Structure formats: C-alpha cells, structure tokens
Amino acid sequence: MEDWAEIRRLHRAEGMPIKAIARRMGISKNTVKRALAAEEAPKYRRASRGSIVDAVEPQIRELLEEFPDMPATVIAERIGWQNSLTVLKNRVRMLRPYYKPVDPASRTTYQPGELAQCDLWFPPARVPVGPDRGMSLPVLVMVSGYSRWLMARMLPSRTAGDLFAGMWALLGLLGAVPKTLVWDNEGAIGAWKGGRAQLTRDAESFRGTLGVRILQCRPADPEAKGLVERANGYLETSFLPGRSFTSPTDFNGQLVGWLQRANQRHHRRIDCRPADRIAADRAAMVALPPVAPSVGWRGATRLARDHYVRVASNDYSVHPSVIGRMVEVIADLEHVTVTCAGQVVARHERCWDAHQTLTDPAHASAAAALRSARLQVATAPVDTEVEQRSLSDYDALLGVEGVA
C-alpha cells in the first residue's frame, strides 16, 4: 500500500520517470508500471476455498427455475440438505433474484395540498367510559402527504355519523381540506364491488360539500397508504407507552399535547419538520366550505310517553312537555341536542358507553309534576245535583199497582 502511494506521488507530483522511480525504490519497472496503471490501492485477496453449497447449487437452480417462491426450508428438504441451514439460505437468497421477477417499490413524492391519508387506529388500551367499564375505542388518524402533518382524535365509534364528524373536526383545526382524502375499505366510506370503488351516500355527501375527492385503496394494498400506517405505529410506540387515561376526554387532551410536539420533530424522509411545511401545504389546499357538511347523528321522531330518544344504543331524556310532538335529534362528538319547533328541549353530554340511560333531573321533576297533576284531576269529587224520583214513577213504569 505504501509503495503504491509513493510510486504515484513520485510520478505525479515530482515528475520522475519510471526508470528513476524503479532505481530509487529498488523495484522493477514492471512493478512501477502496474502501480501507475492501478487506480485503486492493491488489496490482498485470498483464494476462495469454495462452499459446501457449491455441490448442490445446480439442484437449487432447477427448483428455483420452476418455483421461484419456494422457501429455503422446502428446498433443503427437496435436495436432502443435512448441513447448516444458514449457509443454504444465504445461497438461495443470492440466487432467487435471477428467477423471480423484480418488484421494486416506488418512492412517491407529494405536492403541497395534494392529499391526506386517513385510517382508524385501535390502541391496545381500554379507556374508561363508565363506572368499572373500559372500551377499546377507534382513533381517527390523518397524515398530510407533503408536510407529514399528523392529526388524530379518538371517536365514540366507527359509524358514519361519528367518523365524518371526526374528520370535519380535524379539518376544521387544520383550516383547509386536502384535495384528496385516501381511505381503505372502511365500511362507512365504501367498498370495492365489481372491480370499482363505490362510496356510501354519507361519503358522497361529505366530499361533495367539501369539494374534494375520496380515493379508496384497492383491497390488500397497504402500500397505498403507508404514511398513515407508519403514523399508527408511531402513535403506538411513542404516544401510548407509559400513559393512563381516565376518560376519552382525557385521552384526547393528552393526544393534543403530544401531537404538538410530534409535528415539531425532524422527519428524516422530508429532511425537515412537518411544522416547516404546513404553511405551504395548507395554502395549496381547498378552503373550508362556507356551509358545514351535515355530520353526526341526525333524525326526527315523535316523542313517546316515556320521553326518551335513542342515539347509538343510549337513551337520553327529553322534557315531557313535548310528548306526542315531532322532535329533531342531533348528536355530535360532544353533545346530544333535541329540539322541537326550533326550541331546545334537551341537551346532554355524549355518552361513550353502550346501553345506558341518561336522565336530566329537570326532566324527571317535570314528568313527576305532570303525572301528579293528571292524577289529581282524575280523582277529584264532582259536585252535581241528582234528581230523586218518586217510587210511584217506578211502579207505573213496571206496571205494578201501588200498595195503599
């Protein structure tokens, strides 16, 4: 190594001819010529003694030619391999690309405002939703392609009413809407049928109000939304460990604080922080619509005598004064509101538990007062004069002569 470097220095820097270099260093001219012709430093290479796999390589090639995906363990069984399986696996790994078609992964780049990938993450933690009861609830996760801006929020359920309410809440915080929202085959979004994606009516209504596109990935194509899949893993390994939660509200509160820090971290793929790109990303998105989309639970019903309405398996009390009248029920992620003729007749905090009955004390008192008043009206004595007829009138009616 040192002789090679010195020969090249003498020739290139000092301008010495080959013969003078050979005489000065005490080596042959051919050695000097080889050193000057070599662009890299000479390396010691030991002659290979071969491998025990060389003898069976023709058999491995025959199997791979017919079955390119055959596992190395099966190949070992077919050729009767009795030696180290690691050595055989290394040779199979080296030979397989010659027989299996190459499937390179494409690196996707995104333009500002182009899209956001969406998914539901189910954290492996039971969040308290009632006394001595916890549930595994879905978390809506959205990641912008250009900035990698991460948004997330826990939802009461994965039904359409809650899912689109959650999307609208996150987009409202973002202040704009990506031109394309990428989803998998979530039931509230749609499904692939007959070789094409078919969105649900709720999804069509939501995207139509926003003026954007909802793109459904093909089944079994996780690479199509790799950004949000990696975000789910990041939430599970970086947000969840070491935390405990007292309620869904507590979960979302802790999540908001963590997301603020997460979006300030340096992202290796884009070589900057999501916070550094979000302004340009947001500026290229579609503006929020002037009229909010219809999200959440909505319905109308005639209030029955028990004066309760049902939303997502839970019953909420309504003021009994509107029994028998039509009421409109509206439920978002936080509240359940009931109106009658434009007047609010009930308002409850949304219950995240299942099969519960929620009663407003004012409604119970009003119902008790109405029942008491009705009972008093039904049992009050009636002050009415009744005619006292003579007994002779009954005798004449029955044809009986009176007794003297």
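Conditions tested, residue by residue: (1) assigned by TED's automatic domain parsing to the domain that holds D332; (2) among the acidic types (D, E); (3) surrounded by 14 or more Cβ atoms within 10 Å (Cβ to Cβ).
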{"site": "L259", "(1), (2), (3)": "no, no, yes"}
{"site": "H267", "(1), (2), (3)": "no, no, yes"}
{"site": "D271", "(1), (2), (3)": "no, yes, no"}
{"site": "R277", "(1), (2), (3)": "no, no, yes"}
{"site": "A292", "(1), (2), (3)": "no, no, no"}
{"site": "L303", "(1), (2), (3)": "yes, no, yes"}
{"site": "D306", "(1), (2), (3)": "yes, yes, no"}
In segment 188-209, which residue that is touching a residue at least 24 places away in the same chain (Cβ under 8 Å) and of a type in the set (D, E, K, R) is nearest to L170 (Cα to Cα)?
R207
Can you tell me which residue is farthest from P156 (Cα to Cα) among those in segment 326-373 that are crowded, with 16+ Cβ neighbours inside 10 Å and among the hydroxyl-bearing types (S, T, Y)?
T339
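Please enumerate the residues belonging to segment 121-135 that are touching a helix residue (DSSP H, G or I) at 6+ places or on another chain (Cβ under 8 Å) and either of a type in the set (A, V, I, L, M, F, W, C) or in a strand (DSSP E or B) (or both). Give the derivation first.
Start the filter on segment 121-135 by keeping residues that are touching a helix residue (DSSP H, G or I) at 6+ places or on another chain (Cβ under 8 Å), which leaves 121, 123-124, 127, 129.
Of everything in segment 121-135, those that are touching a helix residue (DSSP H, G or I) at 6+ places or on another chain (Cβ under 8 Å) and either of a type in the set (A, V, I, L, M, F, W, C) or in a strand (DSSP E or B) (or both) turn out to be W121, V127, V129.
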Where R325 falls short, out of the listed (1) assigned by TED's automatic domain parsing to the domain that holds D360; (2) at pLDDT 95 or above
(2)
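Would segment 246-254 turn up any residue that is touching a Gly at 6+ places or on another chain (Cβ under 6 Å), modelled with pLDDT of 90 or more and not hydrophobic (A, V, I, L, M, F, W, C)?
Of segment 246-254, the ones touching a Gly at 6+ places or on another chain (Cβ under 6 Å) are none.
Within segment 246-254 (the criterion being touching a Gly at 6+ places or on another chain (Cβ under 6 Å), modelled with pLDDT of 90 or more and not hydrophobic (A, V, I, L, M, F, W, C)), the answer is no, since none of the residues qualifies.
The values are calculated or read from the model by the stated rules, or taken from the named source; none is laboratory data. Worth saying up front: this structure is predicted, and the values here are computed from it rather than measured. Cβ: placed from backbone, ideal geometry, glycine included. Neighbour counts: every protein chain shown.
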